[in-house]
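**Student:** The following block contains the structure, expressed as structure tokens.
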Amino acid sequence: KDRIIYYPINDTTIQYLYSNAVAFVFPSLYEGFGIPILEAFKCECPVLLSNASSFPEVAGTAALYFDPLSISSMQNCIEQIVEDDSLREKMITAGTPRSQHDLTASTTYCAGSEMTTRSGTSGSSEID
């Protein structure tokens, strides 16, 4: 049965997930700017994106792109990042400078064991 399960999480958990993920996969057909892309870059998480919307402008060559209407296209990108550690490291290196875009206090910053949350307060990177 297809369904969406919603889990409310805080900014510390988001930072933990980005920092420990194999990759951030964003199959959206439309987004305004793509702040989650910059958050993933800041947490050194490789980014796999839909080739739609403003994503190519935000991520440039630091992401892998797929057709969001093609399961095989998305699957191919996911398999590449899972199977190729060298590619994953190259993407992390390429994403770090992209994370320097103008991130305001409404975004999450990953840095060592401390982070600035969406509200602008500091919190531990440990999961609650």
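**Student:** Given a Förster distance of 22 angstrom, what is the FRET efficiency for Ile92 paired with Ser54, based on the Cβ-Cβ distance and rounded to 0.05?
**Tutor:** Working: r = 22 Å, r/R0 = 0.99.
Given R0 = 22 Å and the Cβ-Cβ separation, E is 0.50.
**Student:** Classify the stretch 20-87 as rounded, prolate or oblate, taking a ≥ b ≥ c as the square roots of the eigenvalues of its Cα gyration tensor: rounded when a/c is under 1.5, otherwise prolate if a/b is larger than b/c and oblate if not. Please list the in-between numbers first.
**Tutor:** Working: a/c = 1.93, a/b = 1.11, b/c = 1.74.
Oblate shape, in that a/c is at least 1.5 and b/c is the bigger or equal ratio.
**Student:** What distance in nm separates the simple spin-label points at Ser72 and Phe33, each placed 7 Å from Cα in the Cβ direction?
**Tutor:** Distance between label points: 3.8 nm.
**Student:** Applying the Karplus parametrisation 6.51 cos²θ - 1.76 cosθ + 1.60 with θ = phi - 60° to the phi angles of the stretch 5-11, what ³J(HN,Hα) value in whole Hz is obtained for each residue in order, glycine and proline being reported as x?
**Tutor:** Working through the residues one at a time gives 10, 9, 10, x, 10, 9, 5 Hz.
**Student:** Which whole-number percentage describes the relative contact order of the stretch 1-59, with Cα contacts under 8 Å and a sequence gap of 6 or more? If you can, show how the numbers build up before the last one.
**Tutor:** Values: 62 pairs, mean separation 21.3, N = 59.
Value for the stretch 1-59: 36 percent.
**Student:** Please report the net charge: other residues with Cβ closer than 15 Å to the Cβ of Leu64, K and R +1, D and E -1.
**Tutor:** Details: positive: Arg88, Lys90, Arg98; negative: Asp67, Glu79, Glu83, Asp84, Asp85, Glu89.
Its environment carries a net charge of -3.
**Student:** Where Lys and Arg each count +1 and Asp and Glu each count -1, what net charge lies around Ala52 among other residues with Cβ under 9 Å from its Cβ? List each step's numbers first, then the result.
**Tutor:** On the way: positive: none; negative: Glu31, Asp67.
For residues surrounding Ala52, the net value is -2.
**Student:** Now a separate question. Report the local net charge at Ser99: Lys and Arg +1, Asp and Glu -1, summed over other residues whose C-beta lies under 10 Å from its C-beta.
**Tutor:** On the way: positive: Lys42, Arg98; negative: Glu39, Glu44.
Computed value for this residue: 0.
**Student:** Another question about this same structure. What is the magnitude of the charge dipole of the stretch 1-89 about its Cα centre, with +1 placed on the Cβ of each Lys and Arg, -1 on the Cβ of each Asp and Glu, and no other charges, expressed in debye to the nearest 20?
**Tutor:** Values: 4 positive and 12 negative charges, 64 e Å.
Using Cβ point charges on Lys, Arg, Asp and Glu, the stretch 1-89 gives about 300 debye.
Computed from the coordinates by the stated procedures, all read-outs in this text should not be read as laboratory data. Source: prediction; values computed, not measured. Ideal geometry is used to build each Cβ from the backbone, glycine not excepted, and the neighbour counts take in all protein chains shown.
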